[in-house]
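Note sheet for the following structure.
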Amino acid sequence: MIITAEININNNIYVVSKGLTSYIGKEVRVLKGINQVEDYVHVIKYIIDYIVENKPTISENQNIGYYSWLLQLRLDEQNYYDLYEANSDGSGFNKGCDTAISIVR
């Protein structure tokens, strides 16, 4: 099976995985923010590689390390896992991954 990351054409505000449903029962998406689309595609590819290689059991509020930053998968109403990232002050999580992208750079 070929797994790719692509932009959701319907609303163009998410970068969405395609092909993870057979692995974890849902797709993963990340909210586009201030970075380039390619940066979000890189994050989705990182998550895809992790899932395909490790075949983890993913559950609501699952934490995943993205290099040195903590991401979290949260189930939304459309059967997608949305990516959230840890706040820089450790106070919780925000939807998206702009801080993670800037730290990895």
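Listed values, structure above:
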read-out	value
Long-range HN-HN contacts of Ile64 with modeled amide H, under 5 Å	Leu71, Gln72, Leu73
Extension gain, Lys18 back to Asp89 (0.36 nm per residue minus Cα-Cα distance, nm)	22.3 nm
Expected 222 nm ellipticity per residue - DSSP helices of 4 or more, -39500 (n - 2.57), all of the chain, to 500	-8000 deg cm²/dmol
Local electrostatic count at Tyr81 - Lys and Arg +1, Asp and Glu -1, tallied over other residues with Cβ under 13 Å	-1
Length added when fully stretched, Leu31-Asn79, from 0.36 nm per residue minus Cα-Cα	15.8 nm
Accessible area per residue, Å², the chain with all protein chains present, probe 1.4 Å	56
Rounded to 5, the percent of DSSP beta bridges in the chain classed as antiparallel	85
Solvent-accessible area, 1.4 Å probe, carbon plus sulfur percent, for the chain	47
Option label - Rg/Rh (Cα atoms, Kirkwood Rh) computed here, alternatives (1) 0.93; (2) 1.21; (3) 1.34	(1)
Within-10-Å neighbourhood charge of Asp39 [Cβ basis; K, R +1; D, E -1]	0
Net charge of neighbours whose Cβ lies under 14 Å from the Cβ of Arg105, counting Lys and Arg as +1 and Asp and Glu as -1	-3
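The values are calculated or read from the model by the stated rules, or taken from the named source; none is laboratory data. Keep in mind the model is a prediction, meaning the values are calculated, not measured. Positions of Cβ are generated from backbone atoms using ideal geometry, with glycine treated the same way; all protein chains shown enter the neighbour counts. Side chains included, ligands, DNA and RNA excluded: accessible areas come from the protein's heavy atoms. Shrake-Rupley method; radii C 1.70, N 1.55, O 1.52, S 1.80 Å.
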